[in-house]
Amino acid sequence: MPKALLLLAALGFCGEFAAAQTPAPSHPTLVVMITIDGFREDYLTRFGPQLTGGLARLTKGGAWFTNAHQDHGITETAPGHASLLSGRFPRSTGIMANRIGVADQNAPLLGFSGVLGASPSRFQGTELFDWIKAADSKSRALSVSSKDRGAILPIGKSKQEVYWYPGDGEFTTSKYYADSLPAWVRKFNDRLLPQSYAGKSWTPLLPDSAYKEPDSVSVEGGGKDYVFPHVMPSDPDQAASLVRATPFIDELVVAMALDGVNALDLGRGPTTDLLAISLSANDAVSHRLGPASKEEHDQVLRVDRTIGVFLDSLFKLRDQSKIIVVLSADHGFTPIPELAAADVNPHPTRASLEPALAEARKRLASAKMDTAAIDVDQQIVLLDRSKFQGAKISAESILQTFEAAAKKIPGIARLDRFSNLAKDSATDPIARRWSHQFPQGTNVEMVATLTPGSLWGNFLVASHGSPYDYDSNVPIIFYGSGIPAGRHSGFVRTVDIAPTLAGLLGVKPLEKLDGVPLSLK
């Protein structure tokens with residue numbers, strides 16, 4: 001375990017963090033974790049007056065933490081989902097980036113020959129469901145998402161009911177969890193709901209006057225299909241694949257989850273069960289069209305209504321007074337750099353550390369050394385120090401060469417030696433977040449941070465992943481009987497969700513956590 005836990009007093013957290021004394025629903029039978037992929041906290045205020053569904057219900061009736069953060073350096077889907085119900089930062093979950101996530105060729109997907117498998121094999125430690133099950137072995141969990149990592153990581157290593165949508169028209173799981181799909185999943189797939197979107201159009205929910213965003217912005221979508229309406233292919237198989245990039249995928253995930261609640265008798269009691277739902281349409285829409293697009297505005301309205309349908313349906317199936325609902329997100333989103341105002345300085349751009357890597361490797365080659373001794377993984381600089389034993393040049397000189405070249409690259413704001421980062425710093429949140437990303441003792445030598453608004457590479461129109469607030473600030477809302485409604489403005493972290501729920505449920509974490517229980521009063 002990393003040594004850690006933030007110095008709460010130094011960071012001014014004491015007013016928000018205290019033992020959670022809010023009474024929980026009597027004998028909760030179901031905890032529902034709703035994660036909206038790529039959902040910025042400011043969406044709730046920006047579009048608040050137009051919200052009429054589930055988001056409106058939760059913000060008005062729940063304990064809403066408006067200054068909540070995924071408090072780590074690489075704000076991506078896998079690290080974010082792994083932190084939500086584990087109470088721990090990426091440095092201790094082992095899920096430090098999407099590329100160090102759930103891909104596992106030893107756990108092939110059921111019914112998908114040749115498709116890379118997935119499992120929680122890299123995940124380290126325990127999560128909320130493990131603590132629940134330790135208290136009552138009869139407790140069960142269901143997790144559903146369109147993404148494998150969105151379904152797998154909220155549950156951890158427990159072999160429960162975990163399903164996702166690879167995109168060929170069927171929800172599935174991997175052999176880590178089961179050797180065959182249960183009857184209720186096969187029955188759901190037989191309904192061919194993804195194929196039913198063939199030929200349908202995504203059009204705005206509200207009149208054009210309700211949207212301030214322009215519709216015709218050619219940089220959105222890479223210049224392709226960036227104007228409403230967005231028409232689905234008429235071919236059912238093509239529609240079943242492309243539905244993942246539309247708001248319609250959230251409807252499918254919710255329908256699948258509700259079928260699972262019924263089929264598994266989840267939440268009926270007397271045990272406490274867990275239902276995790278990760279809604280990914282928001283992320284797909286923002287990646288392709290940007291978080292400031294008219295489409296993203298409409299997507300927020302649609303996910304609001306989809307969550308509303310889900311909650312209404314769930315509360316008809318189960319006793320609402322015995323359900324705790326939590327809503328959060330795995331990360332925020334960075335606007336499209338090319339759309340930044342002309343007077344922004346430094347102007348957002350797209351950057352790569354490859355030129356600095358080339359300079360460092362040129363020096364290695366001239367010394368007849370293995371150029372692979374230094375490498376770059378997007379924003380991470382890796383070094384194999386064993387290759388410098390007995391060498392004519394030192395590891396430090398190569399790092400200095402790299403650093404000097406990197407500082408000349410437009411878009412690079414800072415390059416930090418990982419071992420020198422100011423841990424648990426209240427005055428340097430970027431350093432603090434990077435210190436939460438990796439454990440000490442790895443081959444991560446340096447971490448690079450872009451200038452505000454800049455992105456790594458050109459492969460996505462818009463993206464996320466920085467330690468800045470626009471990527472880290474996400475909502476946290478607790479909703480349920482006995483949880484007072486109200487807004488809380490103090491700084492909190494998503495790692496505080498799991499210990500807060502543990503306190504409400506009266507279960508004990510099975511290891512030391514980075515998060516602490518929040519006061520919901």
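Before moving on, here are some points about what is shown:
- Flag for S321 being in a strand (DSSP E or B) and touching a residue at least 60 places away in the same chain (Cβ under 8 Å): no
- All told, S394 falls short of being surrounded by 21 or more Cβ atoms within 10 Å (Cβ to Cβ) and out of contact with any strand residue (DSSP E or B) (no Cβ under 9 Å at 6 or more places or on another chain).
- Region 437-461: number of residues that are touching a His at 6+ places or on another chain (Cβ under 6 Å) and under 27 Å from G221 (Cα atoms): 1
- Residue ranges of helices (runs of 4 or more DSSP H) in region 411-514 with at least 1 members touching a Leu at 6+ places or on another chain (Cβ under 6 Å) and not charged (D, E, K, R): 429-435, 497-505
- Residues that are among the aliphatic types (A, V, I, L, M), within 20 Å of S463 (Cβ to Cβ) and in a loop (DSSP other than H, G, I, E, B), drawn from region 76-104: I95, M96, V102
- Selection of region 25-75 for residues being hydroxyl-bearing (S, T, Y), in a helix (DSSP H, G or I) and either surrounded by fewer than 20 Cβ atoms within 10 Å (Cβ to Cβ) or free of Cβ contacts under 8 Å to residues at least 12 places away in the same chain (or both) yields only T45.
- Residue satisfying condition, being among the aliphatic types (A, V, I, L, M), assigned by TED's automatic domain parsing to the domain that holds V376 and under 22 Å from the mean Cα position of the chain (by Cα), within set A422, A448, A426, A413: A448
- Residue in region 346-364 that is assigned to a helix (DSSP H, G or I), of a type in the set (V, I, T) and surrounded by 14 or more Cβ atoms within 10 Å (Cβ to Cβ) present: no
- Whichever residue in region 97-149 is among the aromatic types (F, W, Y) and touching a strand residue (DSSP E or B) at 6+ places or on another chain (Cβ under 8 Å) and, among such residues, is surrounded by the fewest Cβ atoms within 10 Å (Cβ to Cβ): F112
- Criterion violated by A485 - all others in (1) over 18 Å from A329 (Cα atoms); (2) buried (at least 20 other Cβ atoms within 10 Å of the Cβ) satisfied: (2)
- Restricting attention to region 381-391, the residues that are assigned to a helix (DSSP H, G or I) and surrounded by fewer than 18 Cβ atoms within 10 Å (Cβ to Cβ) add up to 3.
- Cβ pairs under 7 Å, 6+ apart, first in region 198-225 and assigned by TED's automatic domain parsing to the domain that holds L289 and under 12 Å from G290 (Cβ atoms), second assigned to a helix (DSSP H, G or I) and acidic (D, E): V219/E338
- Residue in region 436-467 that is surrounded by the fewest Cβ atoms within 10 Å (Cβ to Cβ), counting only those that are among the aromatic types (F, W, Y) and in contact (Cβ under 8 Å) with a residue 40 or more places away in the chain: W456
- When residues of region 229-250 are limited to those that are touching a residue at least 40 places away in the same chain (Cβ under 8 Å) and touching a Ser or Thr at 6+ places or on another chain (Cβ under 6 Å), the one surrounded by the most Cβ atoms within 10 Å (Cβ to Cβ): D250
- Residues being touching a residue at least 24 places away in the same chain (Cβ under 8 Å) and surrounded by 13 or more Cβ atoms within 10 Å (Cβ to Cβ) - total across region 368-380: 6
- Scanning region 483-521 for residues that are modelled with pLDDT of 95 or more, of a type in the set (K, R) and over 26 Å from R91 (Cβ atoms) yields a count of 1.
- Qualifying positions in region 232-280 - assigned to a helix (DSSP H, G or I) and charged (D, E, K, R): D237, R244, D250, E251, D259
- Of the residues screened, D283 is not one that is more than 14 Å from T35 (Cβ to Cβ) and part of a helix (DSSP H, G or I).
- Checklist (1) hydrophobic (A, V, I, L, M, F, W, C); (2) crowded, with 16+ Cβ neighbours inside 10 Å; (3) in contact (Cβ under 8 Å) with a residue 40 or more places away in the chain applied to L510, failing item: (2)
- Test: residue in region 142-149 that is more than 23 Å from V32 (Cβ to Cβ) and either of a type in the set (A, V, I, L, M) or in contact with a Leu (Cβ under 7 Å, 6 or more places away or on another chain) (or both): no
The values are calculated or read from the model by the stated rules, or taken from the named source; none is laboratory data. Here the structure is a predicted model, which is why all the values come from computation and not from measurement. Virtual Cβ from ideal backbone geometry, glycine too; neighbours counted across all protein chains shown.
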